[in-house]
Amino acid sequence: MENFDADVIIVGGGLVGSALALALKETNLSVLLIEGRRPVFEWQQDSWDQRIYAISRASGKMLKRIGAWQRMDADRLQATSAMEIFGDAHGTALQFNALEAGVDELAFMLENRELQKALWCGLQEEKQIRILSPASPVRLVTDQTGATLTLADGQTLRARLVVGADGANSWVRSQLAIEPQVMPYQQFGVVANFEIEKPHLGVAHQWFMSDGILAWLPLAGHRMSMVWSCNDKERAELMALSPEKLCEYVVAAGGARLGALQLITAPAAFPLRLNHLPETVRDKVVLIGDAAHTVHPLAGQGVNLGFGDVIELAALLTNTPVKQIGDYLLLRRYERSRREAVYTMQGVCHGLQKLFNNSNPLLKNLRNLGLGATNQLPWLKRQLIRHAMDA
Ligand SMILES: Cc1cc2nc3c(=O)[nH]c(=O)nc-3n(C[C@H](O)[C@H](O)[C@H](O)COP(=O)(O)OP(=O)(O)OC[C@H]3O[C@@H](n4cnc5c(N)ncnc54)[C@H](O)[C@@H]3O)c2cc1C
């Protein structure tokens with residue numbers, strides 16, 4: 001019988017890769033997680049991570065099941081109870097709230113590092129999970145029974161299945177010669193956190209403007225997190241502002257809805273692009289998370305799509321005899337099961353971005369009419385909320 005170093009090797013220990021490793025603790029599979037950069041889990045308690053996520057209810061449920069949710073500091077989690085969306089014509093608004101959808105909250109806002117730490121602490125307690133970090137693979141070869149990874153230090157590792165969870169510039173994907181169709185948005189996501197003067201009451205705000213999309217997301221306590229998707233010129237302007245001027249600028253852009261602001265986390269900018277892959281599996285290899293798809297952050301669904309991959313793949317591997325976990329036909333089943341959710345989310349985000357990032361006056365009327373009309377249709381709003389919550 002052939003010896004494997006692990007049944008499953010996961011390359012990439014970001015949120016998605018580490019969540020999959022932890023989800024597989026419910027199986028008998030042995031797991032080896034390879035992460036290039038060992039995360040640092042020490043920070044000043046009064047500081048806030050730049051990267052804030054809106055975690056959907058479906059993702060939250062999965063994180064609870066694998067024990068990561070319970071490890072996070074409850075005082076740093078914030079429920080979002082409502083969302084107000086504004087168009088670029090005066091008075092057009094669309095409101096969603098949890099009560100209308102018959103739930104306690106629409107999503108939870110949390111810090112990337114808090115969740116990453118919770119996941120890694122969980123991993124370190126599981127005997128069947130080994131972590132190699134820092135470590136990077138340099139070669140991937142597959143054959144009939146499994147896959148062999150060679151690491152930069154010369155070590156070779158063999159598994160029945162290799163999972164590429166190594167992010168938007170995936171090395172695993174490049175080894176498979178899968179070329180993503182990349183649609184750069186010519187936009188950046190500028191993120192920053194602020195202390196606020198007026199209580200946010202758990203309400204998220206989003207403004208669709210002709211030259212960008214501004215989101216204010218409620219953070220625990222008197223704080224909010226900003227994601228401003230804007231063009232390169234505006235990015236440069238925002239990043240060059242002093243903290244005081246940036247606050248004034250952001251207050252003005254959001255109509256001072258939360259009163260005065262004070263910067264608590266320095267701004268950072270990320271290039272935005274859509275990665276669409278013609279295929280996400282090969283015999284003995286599967287891609288998940290940002291390695292398999294990226295979306296515009298306007299709906300805050302990137303990591304939720306990745307967690308959707310985790311839920312589906314873990315369920316499939318749980319119900320499969322260990323010898324078959326790398327079989328192409330099985331992995332194709334996984335690929336098909338994720339296709340609709342991924343394409344729909346990519347399509348909706350892409351369509352909205354294009355609809356608003358357009359100076360055609362006819363489109364301007366149409367998009368604002370659309371927002372106003374949707375607001376008058378409770379059943380449509382319920383459908384949209386359900387879709388985002390369960391994503
Ligand atoms: C501005 C902005 C705002 C966003 N806001 C939201 C939001 O509100 N909600 C949301 O759901 N999503 C959001 N996203 C998207 C979200 O950040 C990503 O979808 C998510 O981080 C993807 O997780 P991942 O684990 O797949 O990839 P990553 O987070 O990129 O993790 C990949 C991991 O693999 C490791 N790695 C890479 N290459 C190798 C290698 N060769 N060997 C070993 N290890 C390797 C990396 O070190 C890293 O740890 C946002 C994105 C942007 C840009």
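Taking θ as phi - 60° and the Karplus parameters 6.51, -1.76 and 1.60, the scalar couplings of the stretch 321-337 work out to x, 4, 5, 9, 5, x, 5, 4, 5, 5, 5, 5, 4, 4, 4, 5, 5 Hz in sequence order, x denoting glycine and proline. For the stretch 6-389, the antiparallel share of DSSP beta bridges with both residues in that region comes to about 75%. Karplus couplings for the stretch 188-199 from phi (6.51 cos²θ - 1.76 cosθ + 1.60, θ = phi - 60°), rounded to Hz, Gly and Pro as x? With the stated coefficients, the stretch 188-199 comes to 10, x, 9, 10, 6, 10, 9, 8, 10, 7, 9, x Hz.
Per the Debye formula on identical point scatterers at the alpha carbon atoms of the chain, with no solvent, log10 I(q)/I(0) at q = 0.14 Å⁻¹ is -1.24.
Reported to the nearest whole Å, the Cα centre-to-centre distance from the stretch 96-163 to the stretch 11-70 is 7. Comparing ALA98, ALA118, ALA292 in a Gaussian network model of the chain, where Cα atoms under 10 Å apart are tied by springs, the biggest mean-square fluctuation is seen for ALA98.
Every helix of 4 or more DSSP H residues in the chain counts as -39500 (n - 2.57), and over all residues that averages to -10500 deg cm²/dmol at 222 nm. To the nearest 10 degrees, how steeply does helix 112-124 sit against the main Cα axis of the chain, on a 0 to 90 scale? Taking the Cα atoms of the chain, the angle to 112-124 is about 20 degrees.
Note on the chain: with a GNM built from Cα contacts shorter than 10 Å, the maximum mean-square fluctuation among VAL163, VAL182, VAL190 falls on VAL182.
Under the combined filter of DSSP loop state and at most 10 neighbouring Cβ atoms within 10 Å, the stretch 176-249 retains none of its trypsin sites (Lys or Arg not before Pro). Residue order by solvent-accessible surface for VAL172, VAL227 is VAL227, VAL172, largest first, with ligands and nucleic acids left out and a 1.4 Å probe.
Keeping the other protein chains in place, figure out the carbon and sulfur percent of the accessible area of the stretch 6-389, with a 1.4 Å probe. Percent of accessible area from carbon and sulfur atoms in the stretch 6-389: 53. The label point for LEU329 and the one for TRP43, both projected 7 Å from the Cα toward the Cβ, are 4.7 nm apart.
Taking 16 Å as the cut-off, the amide N atoms of the stretch 60-83 that come nearer than this to a point 7 Å along the Cα-to-beta-carbon line of GLU125 belong to 63-74. Charge dipole of the stretch 6-389 (Cα centre as origin; +1 on each Lys and Arg Cβ, -1 on each Asp and Glu Cβ, all else neutral): 900 debye, rounded to the nearest 20.
To the nearest ten degrees, helix 302-318 and the longest principal axis of the Cα atoms of the chain are 30 degrees apart.
Which pairs break 30 Å Cα to Cα here: LYS117/LYS233; LYS117/LYS245; LYS61/LYS127; LYS64/LYS245; LYS25/LYS284?
Numbers: LYS117/LYS233 35 Å; LYS117/LYS245 34 Å; LYS61/LYS127 24 Å; LYS64/LYS245 41 Å; LYS25/LYS284 20 Å.
Result: LYS117/LYS233; LYS117/LYS245; LYS64/LYS245 exceed 30 Å.
Normalising the average separation of contacting C-alpha pairs (under 8 angstrom, six or more residues apart) by the number of residues puts the relative contact order of the chain at 22 percent. With every protein chain in place and a 1.4 angstrom probe, the accessible-area ranking of SER242, SER133, largest first, reads SER242, SER133.
Dipole of the stretch 167-289, Cα-centred, from +1 at each Lys and Arg C-beta and -1 at each Asp and Glu C-beta, to the nearest 20 debye?
Working: 10 positive and 11 negative charges, 53 e Å.
Dipole size: approximately 260 debye.
Rounded to whole numbers, the Karplus 3J(HN,Hα) couplings from phi for the stretch 173-179 are 4, 5, 5, 8, 6, 8, 8 Hz, using 6.51 cos²θ - 1.76 cosθ + 1.60 with θ = phi - 60°, and x at Gly and Pro. In the elastic network of the chain, a GNM with C-alpha springs shorter than 10 Å, the most mobile of HIS200, HIS276, HIS222 is HIS222. Shown are SER47, SER229, whose ranking by accessible area with a 1.4 Å probe and every protein chain present, most to least, is SER47, SER229. Note on the chain: dipole from Cβ charges, positive end direction compared against SER242, PRO137, ALA315; the farthest Cα belongs to ALA315. With protein chains left intact and a 1.4 Å probe, residues in the chain average 45 Å² of accessible area per residue.
The values are calculated or read from the model by the stated rules, or taken from the named source; none is laboratory data. Given the structure is predicted, the values throughout are model-derived calculations rather than measurements. Glycine gets a Cβ as well: all are built from the backbone with ideal geometry, and neighbour counts include every protein chain shown. SASA here: full protein model, heavy atoms, side chains in, ligands and nucleic acids out. Shrake-Rupley method; radii C 1.70, N 1.55, O 1.52, S 1.80 Å.
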